[in-house]
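Q: My questions will all concern the structure given below.
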Amino acid sequence: MKKRKDQCGRRGERIFSNICVMPSLIGVLIFFLIPFGIVVYYSVINNPIIHDFVGLENYKRLMETIAFRKAAANTASFSLISVPLAVILSLWMAVLLERDIPGKSVVRTFFLSPLMVPTASVVLVWQVLFHTNGTLNQIIETFGGGSIDWMKSSHGQTIIIVMFLWKNMGYNMILFMSALASIPRDIIEVAKLEGASGWYQFVHIKLRYLSPTILFVLILSLINSFKIFREVYLLTGDYPYDKMYMLQHFMNNTFNSLDYQKLSSAAVLFSLIMIVIVAILLAIENHLGKDVE
Amino acid sequence: MNKRKKEKILNTFVLIFAVTAAFLFLMPTVLTIANSFMTSTEISANYGAMLENMTEDKKTYISDSVNLKFIPDKVTFDQYKNVLLKNPDYLMKFWNSILLTVPITVFQMLLAIITSYGFSRYPNKFKNIIFFTYIILMIMPYQVTLVPNFLVAEKFNILNTRWAIILPGIFSPFSVFLLSKVMKRIPASYVEAAKLDGASEFQILTKIHVPLCKGAIVSIAMLVFIDYWNMVEQPLILMKDAYMHPLSVFLSQINTGDIGLAFAVGTVYMVPTILMFLYGEDYLLEGITYSGGIKG
């Protein structure tokens, strides 16, 4: 019914709403989409001066590059671990804080504090924490453990995950808390009266209401999992130890060595993967949408 | 009775856990501020080992290990004197940060309000496709848009100027994505009522959508500001002249040199974000309240 009315809306109003989208669209076309078209073009020619079409040659060359494979594997494993972790941990914290405890708002503010600190200052703190003779190793040694060379071992990725969770959990938690607060109380009261356990209430009632928020937090965390590169870069520079060598390192370095063909292929490949992921998430959302209604 | 008791004990445990976790989260902030008040001798006593590793020459280190210390032996404002009075460089870079971040935030938000309004009214297939494209663009790490950015800046002859960073920043679709989702949830009845009163589409935007989304607008603006306030990659690639670089870039370079100074500069750099939090934390907390899903 509502939809019908919208479609019958006066023509001028429809046009106005279309015009509203235009300035942004034009800017996005100029600054992102059209140049990205050039990037796609770059990925199938041999070099920017001769412009010979080489098909998938650049992609083949990219795949054969060991640095690329390593970087792609690191980035994939980091995102696959950290994104679900960011969602689950912050949801768990939000559910914990639903309890009737004092000082909730202070706790919430503390969790948001990572947003305030300048990235470079935080990196300094991480350096002190994860230094070979740093705080963390001192703590481990007091408890009788051996010290770990965090930056130059397979633990490198742990550091990135810790930095990522520290920075992003707070805001995720806030989003979950407000979503939890908007679940109709009476439904939960009924469930309680009927003797549903806390776990049952969570899985069968709350999770259903939370599912859009979970998807939303998932996509925000995905974005942020790529943004954490800033910290990694400031922490490690251009050429870190193996486990910390991310896709963004590879792209930066390829950019600096002016191998635009390889860089373009990597950018196109990355975009294709993201399109697939977002399409899957949208499909899940559509499916869930039907479910709730 | 027994159940209530159990509940109480559980609550205490949760409280202890939450407070501990909260303090761990707060620690880097406190540490940065506390260390900025230490004397340089104290700093090198604590972080000497790290400096030795990083610069190797000059500094002689005192302690073998690196220590995190919260309370200064002697509170001093020396580092601040250095930052604020002795060396105009820092304030210049601070100003550079403002010159980049403020226009990006303001214009990105203005554009986002108009665009989100467009997306939230009369949806059609074409708009859905654009919105999907925006989501993809929003996810991309900077390194993917790096070549496009560079090509455009070269083409328009704005390489090595602030415009090379500001213009793509204004059109970045992140805020459009967030705000559209909030605007789409404004009940249709509000709009209908306004229409009956004879409001034009533009009035609906300014009188209904903007006031209703005020919290969301403020909190999204905060997120955008924080993101650009800490930018590192863009200036390094798009502006060759170091004198135009924002303090965020410069700050990371001091880290490897004078650590005490780095903490003080970091604290000064934190002031705008802290002020923003004091003003807007409530908005941040309730801002994107009915957020959910991807499409909006």
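A short reminder: the numbers here are calculations on the coordinates, not readings from a lab. What you see is a predicted model, and the numbers here were worked out from it, not measured in a lab. Cβ coordinates were reconstructed from backbone atoms using ideal geometry, including for glycine residues, and neighbour counts include every protein chain displayed.
Q: Between A:Ala279 and A:Ile188, what FRET efficiency comes out of the Förster formula 1/(1 + (r/R0)^6) with R0 = 41 Å and r the beta carbon distance, rounded to 0.05?
A: Rounded to the nearest 0.05, the efficiency is 0.75.
Q: Note down the nm distance, to one decimal, between modelled labels 7 Å out along Cα→Cβ at B:Ala242 and at B:Asn128.
A: Taking the two extended label points, one gets 5.3 nm.
Q: For chain A, what is the charge dipole size about the Cα centre, in debye to the nearest 20, if Lys and Arg each add +1 at the Cβ and Asp and Glu each add -1 at the Cβ?
A: Roughly 840 debye, rounded to the nearest 20.
Q: Just to confirm a number: summing +1 for Lys and Arg and -1 for Asp and Glu over residues other than B:Asn160 whose beta-carbon lies under 13 angstrom from that of B:Asn160, what do you get? Write out the running numbers ahead of the final one.
A: Numbers: positive: B:Arg162, B:Lys240; negative: B:Glu154, B:Asp241.
Taking every Cβ under 13 Å from that of B:Asn160, the sum is 0.
Q: Once phi is turned into θ = phi - 60°, what whole-Hz ³J(HN,Hα) does the Karplus curve with 6.51, -1.76 and 1.60 give for every residue of the range A:108-115, x standing for Gly and Pro?
A: Values, residue by residue: 4, 4, 4, 5, 7, 4, x, 5 Hz.
Q: With 10 angstrom as the radius, rank A:Phe68, A:Phe216, A:Phe53, B:Phe150 by how many other C-beta atoms surround their C-beta, starting from the fewest.
A: Least to most surrounded, the residues fall as A:Phe53, B:Phe150, A:Phe68, A:Phe216.
Q: Moving to a separate point now. Determine the calculated [θ] at 222 nm for chain A from helices alone, applying -39500 (n - 2.57) to every DSSP H run no shorter than 4 residues and normalising by the residue count; nearest 500 deg cm²/dmol.
A: -23000 deg cm²/dmol
Q: Something else now. In a GNM of chain A with a 10 Å cut-off on Cα contacts, which of A:Ala196, A:Ala76, A:Ala120 has the highest mean-square fluctuation?
A: Sorting by GNM fluctuation, first place goes to A:Ala196.
Q: Please report the net charge: other residues with Cβ closer than 12 Å to the Cβ of B:His209, K and R +1, D and E -1.
A: Surrounding charge for B:His209 is +4.
Q: Anything over 26 Å Cα to Cα? Flag those among A:Lys262/B:Lys155; A:Lys60/A:Lys227; B:Lys127/B:Lys207, in the order listed.
A: Values: A:Lys262/B:Lys155 22 Å; A:Lys60/A:Lys227 28 Å; B:Lys127/B:Lys207 24 Å.
Among A:Lys262/B:Lys155; A:Lys60/A:Lys227; B:Lys127/B:Lys207, the Cα-Cα distance tops 26 Å for A:Lys60/A:Lys227.
Q: Work out the mean other chain Cβ neighbour count within 10 Å for the residues of B:265-271 and drop it here as an integer.
A: That average works out to 4.
Q: Name the aspartates and glutamates eligible as straight-distance cross-link partners of B:Lys240: C-alpha to C-alpha under 15 Å, and not fewer than 8 places from it in the same chain.
A: Answer for B:Lys240, where 15 Å is the Cα cut-off: B:Glu154, listed by chain and number.
Q: Ok, one more. Which longest run of chain B has no exposed loop site in it, a site being trypsin sites (Lys or Arg not before Pro) in a DSSP loop with at most 13 other beta carbons within 10 Å, and the site itself not part of the run?
A: Between exposed loop sites, the widest span is B:75-239.
Q: Want the number for A:Leu89 to A:Val106: 0.36 nm per residue separation, take away the alpha-carbon distance, what's left?
A: 4.2 nm
Q: How large is the dipole of chain B about the Cα centre if only Lys and Arg carry +1 and Asp and Glu carry -1, each at its Cβ, rounded to the nearest 20 debye? Mind showing how you got there, number by number?
A: Values: 25 positive and 20 negative charges, 265 e Å.
So the dipole magnitude of chain B works out to roughly 1280 debye.
Q: Further, regarding this structure: For chain A, modelled as a GNM with alpha-carbon contacts under 10 angstrom, which of A:Gly156, A:Gly144, A:Gly37 fluctuates the most?
A: Result: A:Gly144 has the largest fluctuation of those listed.
Q: May I pose another question? Could you tell me which of the pairs A:Lys104/A:Lys206; B:Lys69/B:Lys214; A:Lys167/B:Lys93; A:Lys70/B:Lys93; A:Lys167/B:Lys69; B:Lys69/B:Lys93 are separated by over 32 angstrom between their Cα atoms in the structure shown?
A: Numbers: A:Lys104/A:Lys206 21 Å; B:Lys69/B:Lys214 41 Å; A:Lys167/B:Lys93 25 Å; A:Lys70/B:Lys93 37 Å; A:Lys167/B:Lys69 21 Å; B:Lys69/B:Lys93 28 Å.
Listed pairs above 32 Å: B:Lys69/B:Lys214; A:Lys70/B:Lys93.
Q: Now, a different point. Mind checking which of B:Ala199, B:Ala164, B:Ala45 has the largest fluctuation in a GNM of chain B, springs on alpha carbons under 10 Å?
A: The residue that fluctuates most here is B:Ala199.
Q: What is the projected area of the convex hull of the Cα atoms of the protein assembly as shown, averaged over all directions, in nm²?
A: 31.5
Q: Given A:Gly37, A:Leu112, A:Ile66, which one lies farthest toward the positive end of the charge dipole of chain A, if we put +1 on the Cβ of every Lys and Arg and -1 on the Cβ of every Asp and Glu?
A: Highest projection toward the positive end goes to A:Gly37.
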